[in-house]
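Working notes, beginning with the structure itself.
The values are calculated or read from the model by the stated rules, or taken from the named source; none is laboratory data. Note that the coordinates shown come from a computational prediction; the quantities given were computed from them, not determined experimentally. Please note: Cβ atoms are built from the backbone with ideal geometry, for glycine as well, and neighbour counts cover all protein chains shown.
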Ligand code: AMP
Ligand code: MN
Ligand code: MN
Ligand code: MN
């Protein structure tokens with residue numbers, strides 16, 4: 001069957017406006033070639049790519065949802081919330097983007113100072129490269145800089161060798177609290193999704209508490225189906241969504257065509273009894 005005979009939904013993707021490698025229009029072209037019929041661009045902490053992505057989707061006949069992947073903290077760990085159908089005129093969204101971008105730039109400097117002191121690496125050079133042209137500088141930009149300068153064999157190696165907890169360049173970061181973020185930004189998004197719940201290092205009990213807090217704060221859905229998710233994780237997260245009366249979201253978390261396992265439009269099979277979050281958005285219009 002041709003890709004076009006099998007319409008696909010992807011509600012979690014990144015462009016080069018955050019830590020993806022493709023410009024929004026190139027991401028849309030790839031999604032169109034793969035038969036995606038409904039696409040959300042969900043860059044980290046910015047909606048800067050959404051106008052370009054929407055124009056490309058309109059031209060390609062793809063339904064588009066403006067999204068954002070919000071960095072938050074919950075009990076000392078980073079937790080991501082995907083906001084869907086974001087109000088581009090919301091001052092709260094702009095304030096979030098500005099505050100996070102500032103914190104991210106400071107964090108890149110702090111990480112590079114540690115890389116210099118503890119890892120004996122050329123911190124200034126790494127920082128300059130990571131920050132060059134990056135509106136939302138992430139650790140992925142640092143990983144690419146470390147790779148380009150010959151201090152890692154790949155971006156995963158850069159994380160494993162230099163950036164992750166226990167490594168010379170690890171700097172703990174505090175993002176705005178989950179509940180505060182939902183309180184400030186919830187009204188600017190038609191739906192909010194707790195991103196990749198299966199990836200957090202949490203016990204089953206803690207994940208239930210996180211889900212309960214997310215639900216109480218007005219959250220809409222859990223990301224129940226992602227590219228590469230195991231059937232076991234999918235069932236576990238789908239059960240969590242059902243027990244909390246939450247909808248489900250699906251996506252690839254696409255960043256880079258070189259990562260062949262999560263192209264736009266790829267996600268795990270959706271379990272029965274889960275309402276797609278895009279249907280909630282359509283119903284609230
Ligand atoms: P951050 O700057 O902490 O928001 O991280 C930015 C991005 O780096 C994440 O969105 C992922 O795309 C990637 N990332 C984070 N941790 C890892 C890891 N341990 N291995 C590979 N990629 C990672
Ligand atoms: Mn990312
Ligand atoms: Mn994420
Ligand atoms: Mn993501």
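So which of 40, 55 ends up being more than 13 Å from ligand 1 (Cβ to nearest atom) and under 19 Å from the mean Cα position of the chain (by Cα)? Show your work before the answer.
Details: 55 fails: under 19 Å from the mean Cα position of the chain (by Cα).
It is 40.
Taken together, 125, 69, 106, 113 contain a single residue that is within 16 Å of ligand 3 (Cβ to nearest atom) and modelled with pLDDT of 95 or more, which is 69.
From the list 271, 212, pick out the single residue that is in a helix (DSSP H, G or I) and either buried (at least 17 other Cβ atoms within 10 Å of the Cβ) or over 18 Å from the mean Cα position of the chain (by Cα) (or both).
Details: 271 fails: in a helix (DSSP H, G or I).
On inspection, the qualifying residue turns out to be 212.
Look at residue 88 and say whether it is more than 16 Å from ligand 4 (Cβ to nearest atom), over 12 Å from residue 169 (Cα atoms) and touching a helix residue (DSSP H, G or I) at 6+ places or on another chain (Cβ under 8 Å). Yes. For the stretch 234-254, a residue qualifies if it is out of contact with any helix residue (DSSP H, G or I) (no Cβ under 8 Å at 6 or more places or on another chain) and within 16 Å of ligand 3 (Cβ to nearest atom), and the qualifying residues are 250, 251, 252, 253.
Among the listed residues 219, 169, which satisfies the condition of being over 22 Å from residue 8 (Cβ atoms), within 16 Å of ligand 3 (Cβ to nearest atom), in contact with a helix residue (DSSP H, G or I) (Cβ under 7 Å, 6 or more places away or on another chain) and at pLDDT 95 or above? Outline the logic, then answer.
Values: 169 fails: within 16 Å of ligand 3 (Cβ to nearest atom).
That would be 219, the only listed residue that is over 22 Å from residue 8 (Cβ atoms), within 16 Å of ligand 3 (Cβ to nearest atom), in contact with a helix residue (DSSP H, G or I) (Cβ under 7 Å, 6 or more places away or on another chain) and at pLDDT 95 or above.
Residue-by-condition table, conditions (1) in contact with a strand residue (DSSP E or B) (Cβ under 6 Å, 6 or more places away or on another chain); (2) touching a residue at least 60 places away in the same chain (Cβ under 8 Å); (3) surrounded by 17 or more Cβ atoms within 10 Å (Cβ to Cβ):
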| residue | (1), (2), (3) |
| --- | --- |
| 193 | yes, yes, yes |
| 221 | yes, no, yes |
| 230 | no, no, no |
| 237 | yes, no, yes |
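Within the stretch 37-55, the set of residues being more than 16 Å from ligand 4 (Cβ to nearest atom) and either part of a loop (DSSP other than H, G, I, E, B) or closer than 17 Å to residue 263 by Cβ (or both) comprises 37, 38. The residue list 21, 46 contains one member that is within 16 Å of ligand 1 (Cβ to nearest atom) and touching a helix residue (DSSP H, G or I) at 6+ places or on another chain (Cβ under 7 Å), which is 46. When the helices (runs of 4 or more DSSP H) confined to the stretch 63-181 are screened for residues that are in contact (Cβ under 8 Å) with a residue 24 or more places away in the chain and away from ligand 1 (no atom under 14 Å from the Cβ), those reaching at least 1 such residues are found at 91-119, 123-131. Going by the conditions given, is residue 222 under 16 Å from the mean Cα position of the chain (by Cα) and outside any helix (DSSP H, G or I)? Criteria met by residue 222. Just one residue in the set 120, 199 is surrounded by fewer than 16 Cβ atoms within 10 Å (Cβ to Cβ) and within 16 Å of ligand 4 (Cβ to nearest atom); that residue is 199.
The condition of being within 26 Å of residue 183 (Cβ to Cβ) and either in contact with a helix residue (DSSP H, G or I) (Cβ under 9 Å, 6 or more places away or on another chain) or away from ligand 2 (no atom under 16 Å from the Cβ) (or both) holds for only one of 51, 58, 98, that being 98.
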